[in-house]
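A short write-up of the structure that comes next.
The values are calculated or read from the model by the stated rules, or taken from the named source; none is laboratory data. Not measured: the values here are computed from a predicted model. FYI the Cβ positions are ideal-geometry reconstructions off the backbone, even for glycines, and counts take in every protein chain you see. What goes into the accessible areas is simple: the full protein's heavy atoms, side chains included, and nothing from ligands, DNA or RNA. Shrake-Rupley method; radii C 1.70, N 1.55, O 1.52, S 1.80 Å.
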There are 2 protein chains.
Amino acid sequence: MKDVALEAGVALGTVSKVINGLPVGESYRLRVEAAIQKLDYHVNSYAQGLKASKTYTVALLIPNTSNPFFAKLVHHINTSLMKRNYRMLLCTTDYDSRMEQEYLTITKQNKVDGIIGLTYNPELHPDETIPFVSIDRPMGAHIPCVASDNFAGGQMAAAKLADLGCKNVAFLRVGSSLDSEPNKRKAGFENGCLIKGLSFSEKILQDDDPLSEFEVFLREHLFDGKLEFDGLFCVTDYIAYEIIKILRKMNLRVPEDVQVIGFDGIRAFGDGDYFCSTIVQPIMDIAEMCVELLLQEHMSTKPPLVCLPVSYAYGGTTKEEGGIAKERK
Amino acid sequence: MKDVALEAGVALGTVSKVINGLPVGESYRLRVEAAIQKLDYHVNSYAQGLKASKTYTVALLIPNTSNPFFAKLVHHINTSLMKRNYRMLLCTTDYDSRMEQEYLTITKQNKVDGIIGLTYNPELHPDETIPFVSIDRPMGAHIPCVASDNFAGGQMAAAKLADLGCKNVAFLRVGSSLDSEPNKRKAGFENGCLIKGLSFSEKILQDDDPLSEFEVFLREHLFDGKLEFDGLFCVTDYIAYEIIKILRKMNLRVPEDVQVIGFDGIRAFGDGDYFCSTIVQPIMDIAEMCVELLLQEHMSTKPPLVCLPVSYAYGGTTKEEGGIAKERK
DNA sequence: TTGTATGCGTTATCAT
DNA sequence: ATGATAACGCATACAA
């Protein structure tokens with residue numbers, strides 16, 4: 001910058017004003033801009049950050065980017081940030097509480113302007129001095145939590161199965177013991193079953209149980225090669241995918257014998273086919289809402305919990321209504 | 001820091017030394033550390049970066065994180081960087097040349113220590129002053145390029161199809177006109193076919209052709225419901241996936257009538273099943289190599305091109321050798 | 001061994 | 001409107 005001032009024959013202050021678009025004599029501005037071009041000058045955002053303690057950087061804490069749900073979330077959050085001229089520091093925690101904590105320290109050092117976190121450490125207590133938005137997990141009064149409307153999603157799954165002719169359904173999940181919004185999927189499903197008068201069972205696995213426990217469960221409900229359930233609601237598309245493999249192995253046809261609905265709206269290769277009929281999370285809206293909430297410092301009142309509407313998508317593992325398959329949007 | 005010095009009753013220089021692990025009187029060190037604890041002090045990496053012009057930050061330029069291949073790459077690069085105490089600035093370009101260029105500007109301002117880029121803009125010429133490592137695309141003499149051994153992968157696919165009984169095979173790709181390493185897949189496949197004495201065809205689509213063109217091509221080679229080819233090598237798993245859908249629609253059985261091999265080693269849900277039999281790219285090794293190359297400033301000679309070995313994985317769309325399916329590793 | 005002073009690149013305040 | 005100067009937080013060379 002000093003060099004630019006020298007080259008243009010003006011003072012530093014003038015250069016600074018030109019850069020920041022402050023009013024300055026036209027002839028001076030042109031000279032400075034020419035010098036900037038000539039010297040290929042770029043402002044040093046570290047010096048800016050030091051001076052203004054504003055870095056236009058947001059940290060995203062997330063377990064990984066391999067999981068397609070997380071991957072899409074990262075993508076949309078990145079896009080939302082970019083639109084607002086913010087950059088993203090990606091922090092993958094691998095579900096490790098220690099790493100989540102460690103990254104919180106790093107963000108303190110790196111003076112990010114805010115943090116978006118999809119975390120699992122119940123002991124994690126982010127600094128109150130830095131804006132934080134949580135995804136899926138309520139973290140306290142002063143931290144907004146953004147999630148899908150999981151309860152409505154559960155209800156929707158129940159209603160759908162009922163409408164498609166199911167009489168006897170079951171809910172399958174592998175259970176995080178942690179208090180988190182997705183837990184409401186079960187409550188919503190129960191409620192939906194009640195409304196529709198569906199007979200309802202459930203099997204909940206612990207985090208470290210093998211998925212084959214589901215097969216044991218299903219075989220317990222198999223009589224004469226016929227499954228007691230004609231509809232299954234799985235807590236995620238991934239579980240649904242594994243369940244479908246198990247069902248096929250048990251010589252049960254999907255959706256003819258058993259209809260399956262998952263949750264998330266994951267697609268093959270990111271934007272290909274759904275793996276199963278599913279309750280689709282509005283990932284883009286979640287991303288946008290997180291960024292919005294994080295950066296709107298002066299929002300009079302930060303809502304403690306924002307639930308975004310989900311939708312149903314046909315993915316081949318339910319019977320089609322009126323014989324018309326809904327196309328992927 | 002000033003506060004810490006005050007709290008501990010020492011000078012700033014002493015605090016700095018304690019932080020950086022430089023020798024200092026034991027009693028002083030304890031006092032300073034206590035003060036740091038008490039005040040919850042964290043170094044300001046922006047001030048550090050300003051002083052040392054070293055930021056421990058690396059930028060990753062990549063089209064998106066939705067594509068599973070990119071997603072895994074991001075994940076492993078992030079892990080590799082983390083191991084070395086570096087942070088990652090994620091820059092998703094959406095295949096947009098303008099954005100790639102724009103991000104290059106941002107990285108200049110942000111004074112990152114290096115850039116890893118998987119880019120598509122042939123006009124992109126990164127600054128020579130900042131370390132740059134390219135993935136899959138050669139970008140000039142002073143920029144190392146890391147890729148899978150695409151040629152060997154092509155050969156491997158041909159050899160595999162031959163060993164599994166194919167006589168008449170075809171190569172299917174949608175063609176980037178850009179000079180990039182994955183283009184060698186075709187050359188390797190041709191070479192492999194030659195070695196094994198396979199009859200060889202190919203269909204190359206332009207970037208904006210619809211995938212349905214492949215169906216047209218295949219139907220042109222369909223006689224009496226029987227396809228002329230008994231083996232297909234697709235340039236990516238995604239193409240393979242779409243091709244398999246087309247084949248099924250044409251009432252051809254995979255792998256009984258036609259065997260299909262893809263490229264990349266993509267799995268459902270990140271670490272589930274392969275979508276097809278495939279040539280697996282060593283994504284973790286690629287990530288590690290990129291980071292290694294980028295940070296080893298004093299590597300006597302930066303190699304212009306590093307090719308990492310690929311492997312074959314059975315994914316259900318080829319016949320199994322000796323009746324034994326290879327499990328996913 | 002410890003403390004002090006200077007500069008890194010910017011921005012903002014203040015005289016000019 | 002423009003130019004000089006201080007301060008942001010840290011590291012370091014140098015003096016004590």
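Annotation: of all residues in segment A:142-166 being over 30 Å from residue A:125 (Cβ atoms) and either in contact with an Asp or Glu (Cβ under 6 Å, 6 or more places away or on another chain) or in a loop (DSSP other than H, G, I, E, B) (or both), the one that is least open to solvent (accessible area, probe 1.4 Å) is A:166. For segment A:96-134, the set of residues classified as within 13 Å of another protein chain (Cβ to nearest Cβ) and within 15 Å of the chain's Cα centre (by Cα) consists of A:116 only. If I filter segment B:299-322 for residues that are without any contact (Cβ under 8 Å) to a residue 24 or more places away in the chain, more than 13 Å from chain A (Cβ to nearest Cβ), in a helix (DSSP H, G or I) and open to solvent by 40 Å² or more (accessible area, probe 1.4 Å), do I get at least one hit? Looking through segment B:299-322, at least one residue is without any contact (Cβ under 8 Å) to a residue 24 or more places away in the chain, more than 13 Å from chain A (Cβ to nearest Cβ), in a helix (DSSP H, G or I) and open to solvent by 40 Å² or more (accessible area, probe 1.4 Å). Within segment A:1-25, residues that are within 17 Å of residue A:52 (Cα to Cα) and without any contact (Cβ under 8 Å) to a residue 24 or more places away in the chain sit with their Cβ atoms under 6 Å from residues that are more than 7 Å from DNA strand C (Cβ to nearest atom) and not hydroxyl-bearing (Ser, Thr, Tyr), at 6+ positions apart or across chains, in these pairs: A:17/A:24.
Checked against the criteria, residue B:271 counts as open to solvent by 40 Å² or more (accessible area, probe 1.4 Å), outside any helix (DSSP H, G or I), within 24 Å of residue B:315 (Cα to Cα) and modelled with pLDDT under 95. Restricting A:34, A:52 to those that are among the small types (Gly, Ala, Ser) and either within 30 Å of residue A:265 (Cα to Cα) or within 16 Å of DNA strand C (Cβ to nearest atom) (or both) reduces the list to A:52. The helices (runs of 4 or more DSSP H) found wholly in segment A:167-265 and carrying at least 3 residues that are more than 14 Å from chain B (Cβ to nearest Cβ), under 21 Å from residue A:149 (Cα atoms) and open to solvent by 20 Å² or more (accessible area, probe 1.4 Å) occupy A:184-196.
The condition (being farther than 26 Å from residue B:49 by Cα, more than 10 Å from DNA strand D (Cβ to nearest atom) and surrounded by 13 or more Cβ atoms within 10 Å (Cβ to Cβ)) is satisfied by just one residue among A:67, A:44: A:67.
Every listed requirement among (1) in a helix (DSSP H, G or I); (2) within 16 Å of DNA strand D (Cβ to nearest atom); (3) open to solvent by 50 Å² or more (accessible area, probe 1.4 Å); (4) over 26 Å from residue A:128 (Cβ atoms) is met by residue B:21 save one, (1). In segment B:74-92, the residue that is surrounded by the fewest Cβ atoms within 10 Å (Cβ to Cβ) out of those that are within 7 Å of chain A (Cβ to nearest Cβ) and under 18 Å from residue B:147 (Cα atoms) is B:78.
Here's the yes/no breakdown for (1) in contact with an Asp or Glu (Cβ under 9 Å, 6 or more places away or on another chain); (2) farther than 30 Å from residue B:241 by Cβ:
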site: B:21; (1), (2): no, yes
site: B:47; (1), (2): no, yes
site: B:61; (1), (2): yes, no
site: B:74; (1), (2): no, no
